[in-house]
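Q: Encoded as structure tokens, here's the structure I'll be asking about.
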Amino acid sequence: MWTPALSLLSLLLLWQPARADTNDQTTAKVDRGTFDNPAARLRPRFRYWLPDAGVDVQTVQDNIKSAGAIGAGGVEFLPFYNYGGDLIPKPTGANWARDGFGTPSFHKMFLAALEAHKEAGMVMDFPLGPNQGQGVPADPSDEGLQWDLEPFSVPVENGTFEGQIPGWGTGDLVALVSAEVLSTQNVSLGGGSISGKSQSSYLSFVLKNGTLVDWAQNVSSMGHASLKLPAGSSHRLFAFYQFLTHAKNVVLSGNGGTIWDNGSYIVDHFSPRGAQVVAKFWEKYILPDGVKDLLMQVGNYGWEDSIELRSNVSWTPLLPKVFQSKYGYNMKPFLPLVTFRDNNINIQTPTPGKFHCILDTPDQGLGYFNDFRGALVTTYRGYLEELTSWVNKELNLQMSAQVSYNLPMDMEANIPFVNVPECESLQFNSNIDSYRQFTGPANLAGKRVISNEMGAVRLKAYNLPHSKLLSFINKAVVGGVNQVVIHGQSYTGDYYGTTWPGYTAFAYLYSELYSDKQPSWSHGFGDVLNYTARVQYLQQSGVPRTDVVIYNKVSGTDPSFPTLYLSNDLIDAGYTYSYLSPDNFALPQARVQNKNLGPDGPAYRAMVITSNSNLTLDSVNYIQKYARAGLPVILSGGEPGVYATYDGRDTAAIKQAIQALKQSPNVYSISVGEAGAKLQDLGIQPRVALQTNGTWYSTWREDAINGMDHAFVFCDSNASTGTVSIANSKPPFFLDPWTGQIKPVLEYTRQGNQVIIPLSLAANQAVVIGFIKGASSPAQHVTQLPSSVVGYDYSKEFGFVLHVSGSKDKQLLTVSNGKTVSIAGTDQHGAFNLSNWTLTAEHWEAPSNISDAATVAIKHNTTHQLSSLVSWAEIEALGNVSGLGYYSTSISWPPANVSADGAYLTLPAIYHAARVYVNGQNVPPIDFAAPRVDLGPYLKTGFNQVMIVVPTTMWNYIASIASGIECVDIPAMAFMSAFGLPAPPITDNGLLGTVTLVPYVKMRLD
């Protein structure tokens, strides 16, 4: 259990913070703590919603320490200022000029947050700007702010243009391009966006190849041009202007004539100058007067969120020069081909651009479009590297970012260029394949930590059950993620225009609002955090190994992250896989050794290239080199296509190279869905082979430094059974993330060097199997276990002690030394259900003064006798109630006429959280997916009291009073109504199902 609540004096004497130096590799030496009690840096953190710097400092510090007290390692301290965004107006009383990002009041608040972390032995992440962290207050003339490229177009009548060019005065002229138009179409658009910004249509032009000419040098200082184009054909003129957008990530104004007078500006994300604007602001306004010193002690990551800037075209003035250097030709004549869907390809889907131009060539000009996006990769990388370098050098900390999120580029290309790349469960839809698209490049680059913004779900405010959160976490883990920042923790004090239950980020649109106003905060949520901490401890140890790499090259990553490998053959056979872009092949780690690609990292044993992939000339050359070095390359479903570039001049060479590749040794062509079978034919086995009647996923990590390899196995289906087979000479151990206990595996067999372990997994259950160097292990184990053995203990003194339940029939147990043990049938009492439950429901309600947002809740109890365990929604008196359920019953022990040494208590799957108490003692945490606990150490002869404490979410009660609550002057349901979204219904709460007691007797395995 994480217990950071030491006195300040004790901390100053005993605690020395583990510095997070700039080594971001898996080989970094980090104070990890222990599996039972991971260090703060390896624990999950909360994204903490700070409304602004004018709130109560003591409350903020208490909130931070409260998170540490239940198991968090710290917070991601986010100055949200959401009233400066698109959705939320500034509430009455808020004052940006006084309490904005970087002001003296913010400096005081930031310092207090760091002090709270130091006092509690925690670590703090921090965004480099307010809101999403994409900019800072700045001089509006600073050329390091965001730039845009705005296009204009007019038809040219009769081949002659005379006069001022279109759009003159918009900004600096970049290009004036004429082109012959072969056809024109007006295309209608439907739909809208959450911000209400959309366009109804756009013009689509087919342009004649070879007719695009840049006339910018012919434009006078007054914007006039005189052009004569070939007569007898239709032409258009396209003008492009660059300008500072003055777009803001906090749209506010002050009254003091200071740098805060204009809110906070978005910086140029395609130039090092944008990073330099951020750095200069921090050095002048935030780091002085003790902040830098304390930040270097307890800081964890500088951080930037998803990139939500808007533009006409993603742009920086440096782009033409970078483009020329990268591709060897002038991009300006081809700008008409790159203005469509090259803005924010996620949030600007309804506004893709004024016109769409294609060429009358086989690739329709796609090569120029792709090259433009490739140049963006380079310029954005310059921004990332400058920002990362500053955080590394100035603060000796690391930089984390949601890399290229929403931008029109290949996300995988730049993931290796921050210390800690971050994805999120929301946009990735908790899709395992989606995560694998993100984590492959990070693992190849040797990143120790791959982060995830975890748990945001639309319309689940105050209503996200922990079972769902755990499912999200487990899916992220098997997708390759090894750190979660939970979305999010709320400020709990009073705030402008805000009623109870307090500050609610995103105005009730998204989950979750964690704090002590949630009944589970002190009644089970800590078990979830400790489970996650132990999983992260393991997943941040050693090196992740992956069986197969799948080639993936796109010009712009689809922001919905759909599944790319659609066949189930690799999953069904237990192979792990992830994706790489050919851009990643240029990394120094991308080499083949002993037939493995990336031998110091994932050590891929084969590459799969699907027929819908597109190869670049460089990629074919790399792949040919890998194959010659012994890496098996599998072409699935036919020949891959060609990734278009420039005017298509590489197409013939790429096609020829593909033909040569097909004839090369170690290259194999197969039908769709046969990759798993081909790997088997080649003798390539999964590192963790899974055979199951469900759907299981795994990870495998090898930790030579600490002497432990381990597999994480997750059931992403209904309850199922199967086996796990792993090549390892050491004996296997179960590592329980719920309790921190480690004990030898009782039942397994060996076939050569393969350890084969039978498992039964519940839906959403995960187990960890470790192989520990030098660990004490039993001389014998069981190779065939009868169903009557329901559990076991292990100690060096007594070895395995089996827990045997009643069975009428004789059963046989086989030991690894060949001995067979007969377990006689008995008349022992079998399992029985517990009944006659008394439910004491502790109601959590709003204070009589609804404006008192700081109150946790007003509480009172009601008592209910239950013949069966049903949802509170089915109990008339509890339908709209939220709070805590104290379920109690009694048992007489041992059961009549039965000799028993103990019993297992089996609960139904836990919807939200639960803790079990026997005779007043809190038993160890239970696995929420497969809740079962050994009551043997707690039972006494005679009367025994069993109590199960079950918290609810708060939504059912909040929904019942929603018409009377507000956040920053906005009624709770206002945004749902504005966007036509239905208010979420009330949900099931409480303990649902049957609780069973299974008595057992102990039998020592000799």
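The values are calculated or read from the model by the stated rules, or taken from the named source; none is laboratory data. Please read all numbers here as calculations on a predicted model, not as lab measurements. Counting neighbours? That spans all protein chains shown, and the Cβs are built from the backbone with ideal geometry, glycine included.
Q: What are the pairs, 6+ residues apart or on separate chains, where a residue within region 578-597 that is assigned by TED's automatic domain parsing to the domain that holds I432 and free of Cβ contacts under 8 Å to residues at least 12 places away in the same chain has its Cβ under 8 Å from a residue that is of a type outside the set (A, V, I, L, M) and crowded, with 20+ Cβ neighbours inside 10 Å?
A: Pairs found: none.
Q: For region 630-675, which positions are free of Cβ contacts under 8 Å to residues at least 40 places away in the same chain, surrounded by 15 or more Cβ atoms within 10 Å (Cβ to Cβ), farther than 30 Å from K332 by Cβ and aliphatic (A, V, I, L, M)?
A: Those that are free of Cβ contacts under 8 Å to residues at least 40 places away in the same chain, surrounded by 15 or more Cβ atoms within 10 Å (Cβ to Cβ), farther than 30 Å from K332 by Cβ and aliphatic (A, V, I, L, M): L631, V633, L635, I670.
Q: Tell me whether region 196-214 contains one or more residues that are modelled with pLDDT of 95 or more, part of a strand (DSSP E or B), under 30 Å from A279 (Cα atoms) and of a type outside the set (D, E).
A: No, because not a single residue in region 196-214 is modelled with pLDDT of 95 or more, part of a strand (DSSP E or B), under 30 Å from A279 (Cα atoms) and of a type outside the set (D, E).
Q: Looking only at region 425-452, count every residue that is closer than 30 Å to K517 by Cβ and either of a type in the set (A, V, I, L, M) or crowded, with 24+ Cβ neighbours inside 10 Å (or both) and tell me the total.
A: Number of matching residues: 5.
Q: Here's a follow-up. Is there any pair linking a residue in region 864-876 that is exposed (fewer than 12 other Cβ atoms within 10 Å of the Cβ) to one that is in a loop (DSSP other than H, G, I, E, B), with Cβ under 9 Å and at least six apart or on different chains, and which?
A: Once the first residue is exposed (fewer than 12 other Cβ atoms within 10 Å of the Cβ) and sits in region 864-876, its partners that are in a loop (DSSP other than H, G, I, E, B) give Q865/N836; S867/S835; S867/N836; S868/S835; S868/T994.
Q: Can you spot a residue in region 326-341 that is over 27 Å from S204 (Cβ atoms) and without any contact (Cβ under 8 Å) to a residue 12 or more places away in the chain?
A: For region 326-341, residues over 27 Å from S204 (Cβ atoms) and without any contact (Cβ under 8 Å) to a residue 12 or more places away in the chain: present.
Q: Among the residues of region 954-976, are any touching a Ser or Thr at 6+ places or on another chain (Cβ under 8 Å), at pLDDT 95 or above, surrounded by fewer than 17 Cβ atoms within 10 Å (Cβ to Cβ) and in a loop (DSSP other than H, G, I, E, B)?
A: No.
Q: Say we look at region 314-329 and pick out the residues that are of a type in the set (S, T, N, Q) and outside any helix (DSSP H, G or I); which of these is farthest from P352 (Cα to Cα)?
A: Among those residues, the one meeting the criterion is T316.
Q: Please verify whether P925 is outside the structural domain of Q765 (by TED's automatic domain parsing), modelled with pLDDT of 95 or more and under 26 Å from G791 (Cβ atoms), treating the condition exactly as stated.
A: Spelling it out, P925 is indeed outside the structural domain of Q765 (by TED's automatic domain parsing), modelled with pLDDT of 95 or more and under 26 Å from G791 (Cβ atoms).
Q: Restricting to strands (runs of 3 or more DSSP E) lying wholly in region 77-175: which have 1 or more residues that are touching a residue at least 60 places away in the same chain (Cβ under 8 Å) and touching a Ser or Thr at 6+ places or on another chain (Cβ under 6 Å)?
A: Filter on region 77-175 gives 147-156, 160-164.
Q: Among the residues of region 685-695, are any assigned to a loop (DSSP other than H, G, I, E, B) and charged (D, E, K, R)?
A: yes
Q: From A67, A72, grab the single residue that is surrounded by 23 or more Cβ atoms within 10 Å (Cβ to Cβ), in a loop (DSSP other than H, G, I, E, B) and not assigned by TED's automatic domain parsing to the domain that holds D969.
A: A72
Q: Right, next: Among the residues of region 980-993, is there at least one that is out of contact with any Cys (no Cβ under 6 Å at 6 or more places or on another chain), of a type in the set (A, V, I, L, M, F, W, C) and surrounded by 22 or more Cβ atoms within 10 Å (Cβ to Cβ)?
A: Among the residues of region 980-993, at least one is out of contact with any Cys (no Cβ under 6 Å at 6 or more places or on another chain), of a type in the set (A, V, I, L, M, F, W, C) and surrounded by 22 or more Cβ atoms within 10 Å (Cβ to Cβ), which makes the answer yes.
Q: Additional query: If a residue counts only when it is out of contact with any helix residue (DSSP H, G or I) (no Cβ under 8 Å at 6 or more places or on another chain), which strands (runs of 3 or more DSSP E) contained entirely in region 393-494 have at least 2 such residues?
A: Result: 420-424, 451-454, 483-490.
Q: Among the listed residues Y911, Y917, Y904, Y938, which satisfies the condition of being surrounded by 18 or more Cβ atoms within 10 Å (Cβ to Cβ), assigned to a strand (DSSP E or B) and aromatic (F, W, Y)?
A: It is Y904.
One line per residue, one yes/no per condition, for (1) more than 15 Å from L997 (Cα to Cα); (2) of a type in the set (V, I, T); (3) assigned by TED's automatic domain parsing to the domain that holds V768; (4) more than 32 Å from the chain's Cα centre (by Cα):
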residue: S848; (1), (2), (3), (4): yes, no, no, yes
residue: N861; (1), (2), (3), (4): yes, no, no, yes
residue: G883; (1), (2), (3), (4): yes, no, no, no
residue: V916; (1), (2), (3), (4): no, yes, no, no
residue: G920; (1), (2), (3), (4): yes, no, no, yes
residue: A929; (1), (2), (3), (4): yes, no, no, no
residue: G936; (1), (2), (3), (4): no, no, no, yes
residue: T941; (1), (2), (3), (4): yes, yes, no, yes
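Q: Taking region 283-304 as the search range and keeping residues that are touching a Lys or Arg at 6+ places or on another chain (Cβ under 9 Å) and surrounded by 22 or more Cβ atoms within 10 Å (Cβ to Cβ), which one is farthest from E119 (Cα to Cα)?
A: N300
Q: Please go through region 949-964 and pick out each residue that is within 31 Å of the chain's Cα centre (by Cα) and within 24 Å of Y83 (Cβ to Cβ).
A: M954, I958, A962
Q: Show the residue pairs meeting these rules: Cβ distance below 7 Å; 6+ apart or different chains; first residue within region 56-70 and more than 18 Å from S105 (Cβ to Cβ); second residue aromatic (F, W, Y).
A: A67/F46; I70/W521; I70/F525
Q: Also: Could you list, in sequence order, all residues of region 468-489 that are among the small types (G, A, S) and buried (at least 24 other Cβ atoms within 10 Å of the Cβ)?
A: Hits for region 468-489 are A476, G479, G480, G488.
Q: Taking region 124-183 as the search range and keeping residues that are among the aromatic types (F, W, Y) and over 21 Å from V338 (Cβ atoms), which one is surrounded by the fewest Cβ atoms within 10 Å (Cβ to Cβ)?
A: Out of the qualifying residues, it is W168.
Q: Turning to a different aspect of this structure: Could you tell me which residue of region 696-718 is nearest to P758 (Cα to Cα), considering only residues that are at pLDDT below 95 and outside any strand (DSSP E or B)?
A: G707
Q: Take region 86-117 and flag every residue that is surrounded by fewer than 20 Cβ atoms within 10 Å (Cβ to Cβ) and among the small types (G, A, S).
A: Selection gives G93, A97, S105, A112.
Q: Exactly one condition in (1) in contact with a strand residue (DSSP E or B) (Cβ under 9 Å, 6 or more places away or on another chain); (2) without any contact (Cβ under 8 Å) to a residue 24 or more places away in the chain is not met by V881; state its number.
A: (2)
Q: Hey, could you check region 824-867 for residues that are modelled with pLDDT of 95 or more and of a type in the set (G, A, S) and say which is farthest from N63 (Cα to Cα)?
A: So, considering only residues that are modelled with pLDDT of 95 or more and of a type in the set (G, A, S), the one farthest from N63 (Cα to Cα) is A841.
Q: Could I ask something else about it? Condition first: closer than 23 Å to T27 by Cβ, assigned to a loop (DSSP other than H, G, I, E, B) and not hydroxyl-bearing (S, T, Y). Can you find one or more residues in region 603-626 that meet it?
A: yes
Q: Turning to a different aspect of this structure: Could you list, in sequence order, the residues of region 270-321 that are of a type in the set (D, E, K, R) and touching a residue at least 12 places away in the same chain (Cβ under 8 Å)?
A: Once the filter is applied, which keeps residues that are of a type in the set (D, E, K, R) and touching a residue at least 12 places away in the same chain (Cβ under 8 Å), region 270-321 yields R273, E283, D289, K292, E304, D305, E308, R310.
Q: Shifting gears a bit: Need at least 2 residues that are among the polar types (S, T, N, Q), on the phi > 0 side of the Ramachandran plot and assigned by TED's automatic domain parsing to the domain that holds S717 per element, so show me which strands (runs of 3 or more DSSP E) inside region 747-800 make the cut, counting only ones lying wholly within it.
A: Those strands (runs of 3 or more DSSP E) do not exist here; none qualify.
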